[in-house]
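Accompanying notes for the structure given below.
Read the figures in this text as sums done on the coordinates, not as results from a lab. What you see is a predicted model; the values in this text were computed from it and never measured. Neighbour counts are summed over all protein chains in view; Cβ atoms, including those assigned to glycine, are modelled from backbone coordinates with ideal geometry.
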């Protein structure tokens, strides 16, 4: 088992990619802590902590609750994220701020709180930030989401450089279009929208949450022990194609 007895915190772990990470990590022997604003839909052998990652007190309470139960944290998967559809000229300030608070500030707050404990306990841990192909590519009506994910890539790099002297690795995952409820609402709302997504995906299909979870599993394990400051893109070839039909 690649994560036997490792204490792994997964934010946004109640559904979608986060839930797939919970299943994959548990299968590999991890003791999982699920952080979300909603309880998990499926029954998992994990500690659930209700948490709003965009709130500093809530992020710190997540860490303290985990430490009270398990004594340490070995892995953090910063996965919690939201979207808001609006063209640039119509995007309201409050919606822009709300998305960035969860998607970017939330990763900063949780990453900082966890990393401080890792440093304190001299744990050579792994932090994984969930980015997106839209950190590089842009969707016109997903303004704050695109901006937040671009920030996540830079946050990943600066965290990796800052924490490298402590033996803590920080990497990102930038999925393409994955068959989650979030994607179905954001970019797969019609047959025409689905056709457009498939036209620029060389593998010709949606990704599965479990396929992203397998990348997270790799980054959490010692198999990636010499990897830090990188973002891996399970995107079906979209970034390589760089072409829209």
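Odds and ends about this structure:
- Segment 120-134, subset touching a helix residue (DSSP H, G or I) at 6+ places or on another chain (Cβ under 6 Å) and outside any strand (DSSP E or B), residue nearest to residue 53 (Cα to Cα): 131
- Exactly one residue out of 29, 18, 13 is within 19 Å of residue 220 (Cα to Cα), crowded, with 24+ Cβ neighbours inside 10 Å and out of contact with any helix residue (DSSP H, G or I) (no Cβ under 6 Å at 6 or more places or on another chain): that is 18.
- As for segment 30-47, it holds at least one residue that is free of Cβ contacts under 8 Å to residues at least 12 places away in the same chain and more than 18 Å from residue 129 (Cα to Cα).
- The set of residues in segment 153-168 that are in contact with a helix residue (DSSP H, G or I) (Cβ under 8 Å, 6 or more places away or on another chain) and crowded, with 23+ Cβ neighbours inside 10 Å contains only 159.
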